[in-house]
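Let me begin by presenting the structure, written as structure tokens, before commenting on it.
The values are calculated or read from the model by the stated rules, or taken from the named source; none is laboratory data. What you see is a predicted model; the values in this text were computed from it and never measured. All Cβ positions, even for glycine, are placed from backbone atoms using ideal geometry, and neighbour counts span all protein chains on display.
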Amino acid sequence: MLARVPLASGMLTGRLSRDTAFGPDDHRRFNRYGEQFDVGETFAGVDYETGLAVVEELRTLVPERATMAQMALRWILMHEAVSATIPGAKTPEQARAIAGVADAVVVGSALVDRIARSLDDHGRAEAGLAAAVLGEVGELTEGVRGARRAAE
């Protein structure tokens, strides 16, 4: 399986805020509620303010020397059904960070459990962003936990 839009239109980079202004031709401005095409294509279909709240919670779980984007991509790649992700990169620096994510970022079972608890604390409606973006493959948390435990 290929995971498309794995960073939820930039939400899981951790760089967006309430003050972020999107250009008039940016779908993150004109398609927040599915006005032009499938709402799932913009912030994984989750309300922008809710997505920001989930990101703030996840921010505390990012491993040392990693970015939120790297953690999110690594989480996705841990799922046995996922063979690759299709993230976007606007700069060479972003492309290099993405290219090395599988080897550079470790998301151990303890962190997987902490992320799962964090998502559960937000409830499934709010956790939709993270669940959709961090894999969008059904019960990702349980699948990642099982795959991680099997690898250990």
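Miscellaneous remarks
- Inter-residue pairs, beta-carbon under 6 Å, first closer than 16 Å to residue 53 by Cβ and at pLDDT 70 or above and in region 105-120, second among the aliphatic types (A, V, I, L, M) and not in a helix (DSSP H, G or I), 6+ apart: 115/61
- Only one of the listed residues (16, 2) is modelled with pLDDT of 80 or more and exposed (fewer than 13 other Cβ atoms within 10 Å of the Cβ). That residue is 2.
- Of the residues making up region 47-73, just one is at pLDDT below 85 and basic (Lys, Arg), namely 65.
- Filtered residues of region 35-52 (kept if loosely packed, with under 15 Cβ neighbours inside 10 Å and either among the aliphatic types (A, V, I, L, M) or over 20 Å from residue 2 (Cβ atoms) (or both)): 35, 36, 49
- First in region 15-28 and on the phi < 0 side of the Ramachandran plot and in a loop (DSSP other than H, G, I, E, B), second anywhere and surrounded by fewer than 12 Cβ atoms within 10 Å (Cβ to Cβ) and at pLDDT below 90, Cβ under 9 Å, 6 or more apart: 18/49
- Of the residues making up region 41-87, those that are within 11 Å of the chain's Cα centre (by Cα), part of a helix (DSSP H, G or I) and under 13 Å from residue 9 (Cβ atoms) number 6.
- Those residues of region 55-93 which are crowded, with 19+ Cβ neighbours inside 10 Å and without any contact (Cβ under 8 Å) to a residue 24 or more places away in the chain, in sequence order: none
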